[in-house]
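S.K.: Can you keep this structure in mind? I'll have questions shortly.
No value in this document is a laboratory result; all are computed from the given coordinates. These numbers were taken from a predicted model, which means no experiment stands behind them. Neighbour counts are summed over all protein chains in view; Cβ atoms, including those assigned to glycine, are modelled from backbone coordinates with ideal geometry.
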Amino acid sequence: RVIFADWVSEADLEGLWSLADVAAFPTLAEGFGLPVVEAMARGVRIAASDLPVLREIGADWPRYFEPHDPESVAQAVGQALAAPLDPARGRALVSAFTWENAARLTWSVYDHALGG
């Protein structure tokens, strides 16, 4: 079953995450991969496009696929569903991706660029 939802409240979103057996991200381009981080933080299995940024974010947690190949997508979703689930590991993998760390690292880059 697939659900295409419009805007949902924060509480409803958490409820949907808790019901998800797998989250699939068939994106063709991604700047950072925040949806993958959000799924991993909740311990949800993932099938995702095989993009360098998603591999950098997700490491070996997601099952990767070629987004233009429906068989590859189906295979990755099946593999994700069959994978053992260790929510604590997903949370540990993304523990460094906090807004505090983002601010600190951004400040560091600006400071370095300005000769500090």
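S.K.: Relative contact order (percent) for the chain, with alpha-carbon contacts under 8 angstrom and 6 or more residues of separation?
M.R.: Averaging sequence separation for qualifying contacts and normalising by length gives 24 percent for the chain.
S.K.: While we're looking at this one, here's another question. Give me the net charge of residue 91's neighbourhood, meaning all other residues with Cβ under 12 Å from the Cβ of residue 91; Lys, Arg count +1, Asp, Glu -1.
M.R.: Net charge around residue 91: 0.
S.K.: Write down Rg/Rh for the chain, rounded to two decimals, with Rg from the C-alpha atoms and Rh from the Kirkwood relation over Cα pairs.
M.R.: Answer for the chain: 1.04.
S.K.: Can you work out ³J(HN,Hα) from phi for every residue in segment 81-96, in order, using Karplus 6.51 cos²θ - 1.76 cosθ + 1.60 and θ = phi - 60°, giving whole Hz and x for Gly and Pro?
M.R.: 4, 7, 5, x, 9, 10, x, 4, 5, x, 5, 5, 4, 9, 4, 7
S.K.: Return the long-range amide H neighbours of residue 24 (sequence gap of 5 or more, or a different chain), with a cut-off of under 5 Å between placed amide H atoms.
M.R.: 47
S.K.: A follow-up question, please. Loop sites only, by DSSP: take the chymotrypsin sites (Phe, Trp or Tyr not before Pro) in the chain that have at most 13 other C-beta atoms within 10 Å and name the longest stretch containing none of them.
M.R.: 33-116
S.K.: Next up: Using amide H atoms built 1.01 Å from N in the peptide plane, name the residues 5+ places from residue 65, or on other chains, whose amide H lies under 5 Å from its own.
M.R.: Counting only residues 5 or more places away or on other chains, the set is 48, 49, 50.
S.K.: Round to a whole angstrom and tell me the spacing of the C-alpha centers of segment 98-116 and segment 21-66.
M.R.: Using only Cα atoms, the two centres lie 26 Å from each other.
S.K.: Turning to a different aspect of this structure: Points 7 angstrom from Cα along the Cβ direction at residue 34 and residue 81: gap in nanometres?
M.R.: Inter-label distance under the simple model: 3.0 nm.
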